[in-house]
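The structure appears right after this line, and notes come after that.
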Amino acid sequence: MRFIIGNPLSLWWIIIIVLWMGVTLFTYRRLRRIGQRYPRLWMLRFVSFLLLFMLILSPIFVFEKKSKGKLAVLIDNSLSMSIQDPEFPGGRLFTAKKFLEEILPSLEKKFNLRIFTISPGLKEIEKEKLKDLQATGKDTDIDSALRDVRKDNIEAVLLISDGNATSPFKNSPSFPVYTLGIGAKENYPDISIEAISGKKIVSPGENLTLKVRVSNSLNRKVSTTLIVREKDKVIARKDVKLGRGENDLLFNHTFFKQGKYRLQFEVLPVAGDSLPDDNRRNFHVVVMRERAKVFLMAGKISWEVKYLKKLLENNPSYQLKYYIRAGETVFLGEKFPGTEDLSLLIICQLPSPLLPSWGKIKNWLEEGGGLIIIGDSDSFPLQAPPQWEKILPLQGLKGWSPRQLPLAFTSEGKTHPMFSALSNNSLPSIQGALLFTRIPPAGLPLLQVSYQGNRLPVGGLLRYGKGKVFLLGTASTWRWKLKGKVPYSTFWLSIFEYFVPERENMEEGYILYTDKDYYSKGEKVKIMLKAGKKESEFSPRDLKGKVLQGEKSFPLRLLPSAPYMFTATFSPRRTGKYTVQVVTPEGKKSGEFYYGDPFIEWKDTSLKKDFLQELALQTGGQYFSPAASPDYVASQIITKKGKNISRVPTAPALLFYLLILLFLTLEWFLRKKFHLP
């Protein structure tokens, strides 16, 4: 027990006390005779002064009692602790639990003890549940575990692990860390799938080729089998021979239906393969038709151009780029692209001087490109360079008719696959047409009008090498749309689909996927959603997404990055498996990815004794081997002794006030009794 002053005297209190003492001495100096005859007056005044003095100082009794230190036991329950070393029968975690069973009684006598697991993340566990603990964690983040346990005011840590840390160690604990290392000195011979590489997005019918890298650390060549499953159904089985070191195996398959496929690769274990869990790995494949790249070139901003542009932009099968020139300035668009990945070129009302270089077009057409030329009397390329004569009816123009003309199929047009969706329908009239007396010699007339008793072609198809060219001598089909005529969209989409065949209908279906399945530490995850609906029916405001890891949930916001495509970026914090969920008009879509290699626990399975010794040395702890006696280990662990301190005031302040008032009242009563001033 100690006695301390709660409120040291301030200067003002010293001044007040001195003044009060001076007034008291001055009063009793005149009443010295009375003071000698009646000492109780002095006593009352002295007691009142003493009580006031104690009230000001607030004396406190302090009682101290030593308490137990706080010790945390951290148990590594990651996958590598499941390995059954010859010197540790039952496995590393089994050895750790057996050691804890023997040492816990001694530790509980010395310390306030708490027990935690560290994979995945720091989690407290009750002593009674230790027997059911399994080594299933897919990472060993010792750095984060020591950082998180510090928040609980822990004074020392006993870490039981093989030291196989899968995350960089950056922490500098302010408390001693005692380490107990369990594990073999060398890695085990193993066969494992290290990586799978190849295209993640393919088109229906496209051949998918994946390279599967398999590592063999056995001291011999082995024969085994590679099995590939999709939804637990075997789609491929291949007998393979694995040499020592790394082996690259090829897998080929073709998917014909759009969607997301989860492929499960497995290499069957062989004799001596000590870690069969790392013989499996997943790979996600997204099968969807890439949008056809269409380039629209126009010489002016006409209604035909506007409606064509809108039709292509609102169709998910096409990716539109355009170049529209009004007068001497480029109104909208970009430079003419390379033709390597171009599916269709549309030239609409473009004067001859603005035609792209024939050299850029010729080879592309010969290799299978598609070209549509739309024009009228003012803008059809009548003065095209000589090279264009091979595909343009420059010598076969009848003239221009501004009248409204009935449009019809020719006999060839009625049966042509380009117009199979319209062959039984009558076409609306057109407002004016550029009349051809003939289509170029290699061409086929498909559309015609009646003019002055003659049937003259206004539209036709011809081939150039492997490519196709469609000519249309009117730019008034937009009026069909304006008047609500149904054939407008059907007419043009039929032509587009003929030029870009085998395009699947992408107006239905949503596919959620990530750009990779496995991400290294520090990489950002790109999440993508392919939407099949029109933007008016599907917008970012409708999306509610989240990323899940265990019990933790992180909100996700997807923004449009291209027509019918929405993306988001996510930065994981901890290693492990993550699940992505996004709500679409079709319902909830989900996907998954791994941050950090899920099999990194198997990369190096040996005991990291040097790391555990260095950690103990730097923090003032000590390294122990499993052969050490539990009693010895318990005796070596030291924490800062804690103290329980309780403070008891000598008396409540109200009691002091009452006593002072009582003694001053008694003094006043005696003065009145003896007729004293």
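Brief remarks on what is shown
- Shown in residue order for segment 176-189 are the 3J(HN,Hα) couplings computed by the Karplus curve 6.51 cos²θ - 1.76 cosθ + 1.60 at θ = phi - 60°: x, 10, 9, 10, 10, x, 10, x, 7, 6, 10, 5, 8, x Hz (x for Gly and Pro).
- Estimated at 0.36 nm per residue, the fully extended path between GLU586 and PHE169 surpasses their Cα-Cα distance by 145.6 nm.
- Of the solvent-accessible surface of segment 72-221, computed with a 1.4 Å probe and all protein chains present, 48% belongs to carbon and sulfur.
- GLU124 paired with SER420, simple spin-label distance in nm, labels 7 Å along Cα-to-beta-carbon: 7.1 nm
- Among the trypsin sites (Lys or Arg not before Pro) found in segment 170-275, those both in a DSSP coil and sparsely packed, with 15 or fewer other Cβ atoms within 10 Å of their Cβ, are LYS170, LYS185, LYS199, ARG220, LYS221, LYS231, ARG244, LYS257.
- Taking 7 Å steps out from each Cα toward its Cβ at LYS466 and MET565 produces label points 2.5 nm apart.
- In this structure, LYS603 and GLU366 have a Cβ-Cβ separation that, at R0 = 56 Å, corresponds to a calculated FRET efficiency of about 0.60.
- Pairs spanning more than 29 Å between alpha-carbon atoms, out of LYS521/LYS589; LYS306/LYS546; LYS123/LYS608; LYS310/LYS524: LYS306/LYS546; LYS310/LYS524.
- Where segment 217-334 is the region considered: accessible area per residue in Å², 1.4 Å probe: 51 Å²
- For a modelled paramagnetic label at LYS577, 7 Å from Cα along Cα-to-Cβ, the residues of segment 128-167 in reach, with backbone nitrogen under 12 Å, are 137-138.
- Backbone phi angles across segment 93-98, fed through the Karplus curve with coefficients 6.51, -1.76 and 1.60 (θ = phi - 60°), yield HN-Hα couplings of 5, 4, 5, 5, 5, 5 Hz in residue order; Gly and Pro are listed as x.
- Neighbourhood charge, 15 Å Cβ-Cβ cut-off, centred on LYS129 and excluding it, Lys, Arg +1 and Asp, Glu -1: 0
- Charged neighbours of PRO269, selected by a Cβ distance under 13 Å, balance to -4 (K, R count +1; D, E count -1).
- Average Cα contact separation per residue, segment 181-271, under 8 Å, 6 or more apart, as relative contact order %: 33 percent
- Normalised by the number of residues in segment 114-250, the average gap of Cα pairs under 8 Å and 6 or more apart makes the relative contact order 15 percent.
The values are calculated or read from the model by the stated rules, or taken from the named source; none is laboratory data. Since the model is a prediction, treat every value here as computed from it, not as a measurement. Neighbour counts run over all protein chains shown; Cβ positions are idealised from the backbone, glycine included. Remember, those area values only see protein heavy atoms, side chains included, never the ligands or the DNA or RNA. Shrake-Rupley method; radii C 1.70, N 1.55, O 1.52, S 1.80 Å.
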